[in-house]
Amino acid sequence: MYRLFLLAILFLTSCSESSNQDLGVSEPDRPEPQTLSSDQSFHIADVPKKAHERIRTETAIERLTPHIVTAPGHVAVDLTQVAKVSSRIPGQIERVLGKLGDQVAQGQPLATIESLMLDELIQEYLVAKAKGDVAKTNFKRTQQLLDENIVSKRRFFEDRGRYLEAQAVYQHVREKLLNMGLTPKELHQLEHGSHLEGHQYILRAPLSGTIVDQQVVLGQGVTSGEELFEIVDTSRVWIFANLPIEQARRFTEGDQGKVIPRGGTPIMTRLTYIAPVAEGTTRTVRVRFDVDNTHGRLKPNEYVEVQLVDEQRPMLSIPNTAVTMVDGKRGVFIQKETGYEFVFVDIGHEGGGFVEITRGMKVGNQVVTKGVFDLKNAMLEGSIEGH
């Protein structure tokens, strides 16, 4: 009976210990991998030979690091390169010589317009020309006779007045025709017997470019001032962007900039305009770049990225390849006599392949620029094995 009691006690004790082991009660907590804080460093003494051969270092120095300001921008047509072509007289379209998409040269005919008003003005011009010629001849003859004392001065002044009046009428009608688009050559032809074909008004391109809008067809009646064509020269375009006021204050017109099209080659340019007032809703300042677009790489209304280089000043900076991330924090490896030490750093501006260091290291440190990945693996493995 006593033996059965002892066996029962031993069995219950064994079950209790087994249960505690299953629940993890009797075992100590397993160590978690170390999490490095930004106030500590980590020393690496042993580096595999192959990894050591890949390591390269560079002395940390103060250098001029460009501060690059980036902003979204968009391409717009240069408004000095845009022409809206309209007729200056009412009439009817007889011929359409230019169409949507055509490349045209300055002065090239776009359309011809039959106009009764033009006919009347040309008739008035020719009559004024004839009267002016007669008045000029009479005046010259009277002047000659006056010199010979054959006519009175009164006759001389009367003929001079008629001549000046005829010249004024002639010049007035001539200016009307020139303002309508007729050329001096065409007026010269009218004066010497030839004339415009049916006295047609020829609508010409005021600049070279591409016809991007056409609002005219054969036989259409048009009024004075009605827009018929739009021509755009995209060999030069504007790039607009908006900068926060504090950033805009750092730049002046003429500063070097860069335009980066999406999927295209960056284009170097200069800042040509800074708005004197900020926009009311966004509190930003509009800036503009004038960009040569001879090869048509930029399309009006497309989006681009613009960059401006802020004032450069000497700062402790290192190649950006030296910086790595550990536990969500930035750090670098510094070469020491007994190995390599990892330290956390704070960074400033980046640009030109370098990054400023504002805290964590000093001038003269030998910073690892190549082989950072190998050292990072060695550090993390050592951190785990140490626990």
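Numbers below:
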quantity: Any chance ASP147 is more than 23 Å from ILE93 (Cα to Cα) and in contact (Cβ under 8 Å) with a residue 24 or more places away in the chain; calculated: no
quantity: Qualifying residue in region 52-73 (condition: modelled with pLDDT under 85, over 30 Å from LYS336 (Cβ atoms), under 38 Å from the mean Cα position of the chain (by Cα) and among the β-branched types (Val, Ile, Thr)); calculated: yes
quantity: Within region 331-351, considering residues that are crowded, with 17+ Cβ neighbours inside 10 Å and farther than 17 Å from GLY371 by Cα, the one modelled with the lowest pLDDT; calculated: GLY351
quantity: Index of the failed condition, ASN293 passing every other in (1) in contact (Cβ under 8 Å) with a residue 60 or more places away in the chain; (2) more than 17 Å from ASN242 (Cβ to Cβ); (3) buried (at least 17 other Cβ atoms within 10 Å of the Cβ); calculated: (1)
quantity: Cross-chain or 6+ apart pairs with Cβ under 6 Å, region 128-142 first and within 16 Å of HIS188 (Cα to Cα), then among the small types (Gly, Ala, Ser); calculated: GLY132/ALA166
quantity: Region 262-284 - residue that is modelled with pLDDT of 95 or more and of a type outside the set (A, V, I, L, M, F, W, C) and, of those, surrounded by the fewest Cβ atoms within 10 Å (Cβ to Cβ); calculated: PRO276
quantity: Every residue from region 298-330 that is under 11 Å from VAL368 (Cα atoms) and either part of a strand (DSSP E or B) or free of Cβ contacts under 8 Å to residues at least 12 places away in the same chain (or both); calculated: ILE318, PRO319, THR324
quantity: Lone unmet requirement of (1) in contact with a Gly (Cβ under 7 Å, 6 or more places away or on another chain); (2) of a type in the set (S, T, N, Q); (3) in contact (Cβ under 8 Å) with a residue 60 or more places away in the chain for THR358; calculated: (3)
quantity: Any hit, region 19-26, residues being modelled with pLDDT of 65 or more, of a type in the set (S, T, N, Q) and surrounded by 12 or more Cβ atoms within 10 Å (Cβ to Cβ); calculated: no
quantity: Residue tally, condition assigned to a strand (DSSP E or B), β-branched (Val, Ile, Thr) and farther than 24 Å from GLY209 by Cα, over region 242-296; calculated: 5
quantity: The lone exception for THR234 - which of (1) in contact with a helix residue (DSSP H, G or I) (Cβ under 9 Å, 6 or more places away or on another chain); (2) surrounded by 15 or more Cβ atoms within 10 Å (Cβ to Cβ); (3) farther than 30 Å from THR70 by Cβ it fails; calculated: (3)
quantity: Positions within region 83-105 being closer than 16 Å to ILE211 by Cβ and part of a loop (DSSP other than H, G, I, E, B), in sequence order; calculated: SER87, LEU97, GLY98, LYS99, LEU100, GLY101, ASP102, ALA105
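The values are calculated or read from the model by the stated rules, or taken from the named source; none is laboratory data. Just so it is clear, the structure is predicted and the values come from calculations on it, not from any experiment. When we count neighbours, we look across all protein chains shown, and the Cβ atoms used for this are built from the backbone with ideal geometry, even at glycine.
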